[in-house]
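Provided herewith is a single structure, encoded as structure tokens, for subsequent inquiry.
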Amino acid sequence: MAFLADTLSRVKPSATIAVAQKARELKAQGRDVISLGAGEPDFDTPDNIKKAAIEAINRGETKYTPVSGIPELRKAIAAKFKRENDLDYDWTQTIVGTGGKQILFNALMATMNPGDEVVIPAPFWVSYPEMVLLCGGTPVAAPTTLENHFKLTADALEAAITPKTKWLIFNSPSNPSGAAYDRNEMKAITDVLMRHPHVWLLTDDMYEHLVYDDFEFVTPVQVEPGLKDRTLTMNGVSKAYAMTGWRIGYAAGPMEIIKAMDMIQSQQTSGACSIAQWASVEALNGPQDFIQKNKAIFQGRRDLVVSMLNQAQGIKCPTPEGAFYVYPSVAGVIGKTAPTGKVIETDQDFVTELLEKEGVAAVHGEPFGLGPNFRISYATSEELLEESCRRIQRFCADCR
Ligand SMILES: Cc1ncc(COP(=O)(O)O)c(C=O)c1O
């Protein structure tokens, strides 16, 4: 009898975490490495939020909380959905988890039966298909194109849906492409879903606040209220408030799924960290000026990176609407020989040789489900971004 579960043979470790680890190892050996793999803002959590956490500790808010979260936070979440997204949810229709990751995982755990399919537009966040597999379901990638700025079309969605489809996982702005859907693009997607009443929608709005150039963020139920009874709207404080380490994510949706997720969480981690929950109450209810300040910084970095990458021979980089990633194509470099003598046949070869020759760590496209591309996170200083883009330009020029 095998000791480890068969499920493990179907999933892969996170490629983004692996790149960060590799970059750390090379740095420890004394190499000059710039890591562009990080999926988190490089800013510190705002002081008012830290202060709320310290006050919670001093008040003795250090005990177990209700599984779905403290009522104060769930009410703040319901108020956030009303204020920012014009969505009406009672606070009892919300749930708090240990990061957005747990929310997604438990939603899938609560709903997957063997054979159930989950449509995931590619390129996708690396964890979606692996979570579906861990929960016993089957991920179905729906491809996008660079020409369409990595946005799912109605036709591609229609083609991916079968009678076995249980969910569409939708992520705007997207990790890894930064693509965000405007109202019309979103309506094209929700119109397809309206024609398939057996398909539920899991919308991951984690990067909601990181959109640039007056882009107006919309969430699917705002555009098509007819989907409200079969949509779980997920969000969190990690990216918007630079709180990745606090581990708080949340969702709102129909009572049936919220109760099922609560049940799973009750036998799993119970309520999320009490102190982080109180900090998140302040994040959602407190001053929001931090978000605007950071947006302006990210926008400047995005513009710098897109412009410099498009000057690298063989690279094409569309301008994304949001998040803090770009997902350039390296199709123009494939088939060339790197300065190390290696022929670049895949996007993995590209990032491996780039790291070897120029000390720039980025993540190749394959684990994101669409290539040949690579992902750069621009959540780092302008100086480092400029230097790394210069190195990428030099590397591409040296490929013959
Ligand atoms: C698209 C997307 N969804 C969800 C998450 C998970 O966020 P959290 O840190 O709250 O678990 C991430 C984190 O990288 C992400 O990129």
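The values are calculated or read from the model by the stated rules, or taken from the named source; none is laboratory data. These figures come from a predicted structure and were not determined experimentally. So basically every Cβ, Gly included, is an ideal-geometry build from the backbone, and we count neighbours across all protein chains shown. Only protein heavy atoms, including side chains, enter the accessible area calculation; ligands, DNA and RNA are left aside. Shrake-Rupley method; radii C 1.70, N 1.55, O 1.52, S 1.80 Å.
What is the residue count in the stretch 120-133 for residues that are in contact (Cβ under 8 Å) with a residue 60 or more places away in the chain and either within 15 Å of the ligand (Cβ to nearest atom) or surrounded by fewer than 18 Cβ atoms within 10 Å (Cβ to Cβ) (or both)?
The number of residues fulfilling the criteria is 9.
Out of the residues in the stretch 318-339 that are more than 16 Å from the ligand (Cβ to nearest atom) and open to solvent by less than 10 Å² (accessible area, probe 1.4 Å), which is farthest from the chain's Cα centre (by Cα)?
Filtering the stretch 318-339 for residues that are more than 16 Å from the ligand (Cβ to nearest atom) and open to solvent by less than 10 Å² (accessible area, probe 1.4 Å), the one farthest from the chain's Cα centre (by Cα) comes out as Ala338.
If you take the residues of the stretch 1-51 that are of a type in the set (Lys, Arg) and part of a loop (DSSP other than H, G, I, E, B), which of them is farthest from the ligand (Cβ to nearest atom)?
Applying the filter and picking the extreme gives Arg31.
Does the stretch 382-400 hold any residues that are open to solvent by less than 10 Å² (accessible area, probe 1.4 Å) and closer than 25 Å to Asn294 by Cβ, and which are they?
Once the filter is applied, which keeps residues that are open to solvent by less than 10 Å² (accessible area, probe 1.4 Å) and closer than 25 Å to Asn294 by Cβ, the stretch 382-400 yields Leu385, Ser388, Cys389, Ile392.
Okay, moving on. Tell me which of these Met194 doesn't satisfy, since it passes every other one: (1) buried (at least 18 other Cβ atoms within 10 Å of the Cβ); (2) within 23 Å of Lys164 (Cβ to Cβ); (3) out of contact with any Lys or Arg (no Cβ under 9 Å at 6 or more places or on another chain).
(1)
Of all residues in the stretch 206-239 being in contact (Cβ under 8 Å) with a residue 40 or more places away in the chain and among the acidic types (Asp, Glu), which is farthest from the ligand (Cβ to nearest atom)?
Result: Asp213.
Can you spot a residue in the stretch 281-288 that is touching a Gly at 6+ places or on another chain (Cβ under 9 Å) and either closer than 28 Å to Glu130 by Cβ or open to solvent by 60 Å² or more (accessible area, probe 1.4 Å) (or both)?
no
So that you can scan it fast, the table gives a plain yes or no per residue for (1) farther than 15 Å from Trp125 by Cβ; (2) of a type outside the set (Lys, Arg); (3) outside any helix (DSSP H, G or I); (4) open to solvent by less than 10 Å² (accessible area, probe 1.4 Å):
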{"site": "Phe350", "(1), (2), (3), (4)": "yes, yes, no, yes"}
{"site": "Leu354", "(1), (2), (3), (4)": "yes, yes, no, yes"}
{"site": "Lys357", "(1), (2), (3), (4)": "yes, no, no, no"}
{"site": "Leu370", "(1), (2), (3), (4)": "no, yes, yes, no"}
{"site": "Arg375", "(1), (2), (3), (4)": "no, no, yes, yes"}
{"site": "Thr380", "(1), (2), (3), (4)": "yes, yes, yes, no"}
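Within the stretch 74-119, work out how many residues are within 14 Å of the ligand (Cβ to nearest atom) and in a helix (DSSP H, G or I).
Here the count works out to 11.
Being on the phi < 0 side of the Ramachandran plot and at pLDDT below 95 narrows it down to one of Pro320, Pro339, Pro328, so name that one.
Testing whether each residue is on the phi < 0 side of the Ramachandran plot and at pLDDT below 95 leaves just Pro339.
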